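Participant: This is the structure I want to talk about, given as structure tokens.
Since every read-out is calculated from the coordinates, none of them should be taken as a lab result. Because the structure is a prediction, the values reported are computed rather than measured. Note that we place each Cβ from the backbone using ideal geometry, even for glycine, and neighbour counts take in every protein chain shown.
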Amino acid sequence: MKPALPEDIAEFAAVATKRLVRFGGVQAALHAESDDQLRRDARTALSDLGAFDLEVRASTDDLLAAAVLCQAAGATALPYPLVEELLAIDGARLALVSPEAPRVDHGDLPGGWIATDLDGTRYAVQPTSRTAAKLGPFLVPATLSQPDGTVPAADVDLHLTLGSWRIVGAIQQALEITRRHVVARMQFGKPLAEFQAVRFTIADASVAARGLHELAKYTISRMESAPAQVRSADALVLRLKATETARQVFRAAHQLLGALGFCDESDVSVLDRHTQSLVRQPVSAEVLAMRLLPDVRSGALETLFSDPVSA
């Protein structure tokens, strides 16, 4: 695998980032909590970028473009269900949910929805109204129908993978905000960045974030070439790693920013709150890890060791 993205994809990523920053960046996401017009404007910004012309199921280049677009959306906490609309089926956005506690991000937006669980079971979905929750402020409780067919396993894998790219963008941005803070913040007559404990914390978070980014590129590079069972295991591993890395990086960011990190005047707070819907949905990291056990035993989960792990 070549770790560098193709030049045209890298250029598209730069253009997408500039457009979403011009839309308003992280603070626009904060204001969207009380102004629905901003969510409609977010869709317009995505349309300007040609987001909904991307054929993520049919074209490798379009899938890569969708990935870096999701990364830019994560970095700006874009208040729109981008992944769900990229994977729309017959015009209805595709939500990935847990049947035990179905919730749909931005489910109150106009338009049709269908839902699938991690097993690919399809449901008709009826979102209710938004709550006043601060974590995942656009999550909407929903009612599911009885199972109504299936969704291709490839769609579930794409959902997990593209959602992970949004998490990548969010933690990269949180890390950059934290880096700038410790360089500029003076404590005991010198920048925070000169304290060894701070350096260690930033270094650990940076290594985790970079490792996740490389894993995200590796996973998406194999979406078409890997066997179906291996592809599904890859997507689960990526989402599990993204969830764990988000917890580590945001914990470090809050620790180093102090009380400021928990105030919405800081973009870290907004990024964290708005990323929780991906970190916690459709299931917890612990459930994701348990779902990988059969793949470990069968050898579908590829590791540095070529032979399947025995039960």
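Participant: May I ask for the net charge around A101, where only other residues with Cβ less than 13 Å from the Cβ of A101 are counted and Lys, Arg are +1 while Asp, Glu are -1?
Facilitator: 0
Participant: Among rounded, prolate and oblate, which fits the stretch 111-268 when a ≥ b ≥ c are the square roots of the eigenvalues of its C-alpha gyration tensor, a/c under 1.5 means rounded, and a/b larger than b/c means prolate?
Facilitator: Taking the square roots of the gyration eigenvalues as a ≥ b ≥ c, the stretch 111-268 is oblate.
Participant: Using only alpha carbon pairs under 8 Å that are at least six residues apart, calculate the relative contact order of the stretch 159-227 and give it in whole percent.
Facilitator: Averaging sequence separation for qualifying contacts and normalising by length gives 37 percent for the stretch 159-227.
Participant: Also, I was wondering about something else. Could you compute the net charge surrounding Y123? Neighbours are other residues with a C-beta less than 11 Å from the C-beta of Y123; K and R count +1, D and E count -1.
Facilitator: -1
Participant: Considering only the other residues whose Cβ falls under 14 Å of the Cβ of G112, what net charge follows from Lys and Arg at +1 and Asp and Glu at -1?
Facilitator: So the environment of G112 carries a net charge of -3.
Participant: In angstroms, what radius of gyration and Dmax does the stretch 167-239 have, counting Cα atoms only?
Facilitator: Reported Rg and Dmax, both Å: 17.2, 57.
Participant: Can I get the semi-axes of the stretch 227-298's equivalent ellipsoid? Compute them from the C-alpha gyration tensor as square roots of 5 times the eigenvalues, in angstrom, largest first.
Facilitator: So the three semi-axes of the stretch 227-298 are 31, 11, 9 Å.
Participant: If you don't mind, another one. 5 Å is the cut-off here: which amide hydrogens, built 1.01 Å from N in the peptide plane, fall below it relative to R122, excluding neighbours closer than 5 in sequence?
Facilitator: Close amide H contacts, sequence-distant or interchain: D148, G149, T150, V151.
Participant: Just check the stretch 48-169 against the gyration tensor rule for me: Cα atoms, a ≥ b ≥ c as the square roots of the eigenvalues, rounded for a/c under 1.5, and otherwise prolate or oblate depending on whether a/b exceeds b/c.
Facilitator: Judged from the Cα gyration tensor, the stretch 48-169 comes out oblate (a/c at least 1.5, b/c at or above a/b).
Participant: Would you compute, from DSSP H runs of 4+ residues alone, the mean residue ellipticity of the chain at 222 nm, taking -39500 (n - 2.57) per run and dividing by the full residue count, rounded to the nearest 500?
Facilitator: Calculated from helices alone, the mean residue ellipticity at 222 nm is -19000 deg cm²/dmol.
Participant: Sticking with this structure for a sec: Is the stretch 121-173 rounded, prolate or oblate when judged by the Cα gyration tensor, a ≥ b ≥ c being the square roots of its eigenvalues, rounded requiring a/c under 1.5 and prolate requiring a/b larger than b/c?
Facilitator: Oblate, since a/c reaches 1.5 and b/c is not below a/b.
Participant: What fraction of the Cα pairs in the chain, stated in percent, has a spacing above 33 angstrom?
Facilitator: 23 percent
Participant: Rg and Dmax of the stretch 6-77 over Cα atoms: what are they, in angstrom?
Facilitator: Here Rg and the maximum Cα pair distance are 12.5, 39 Å.
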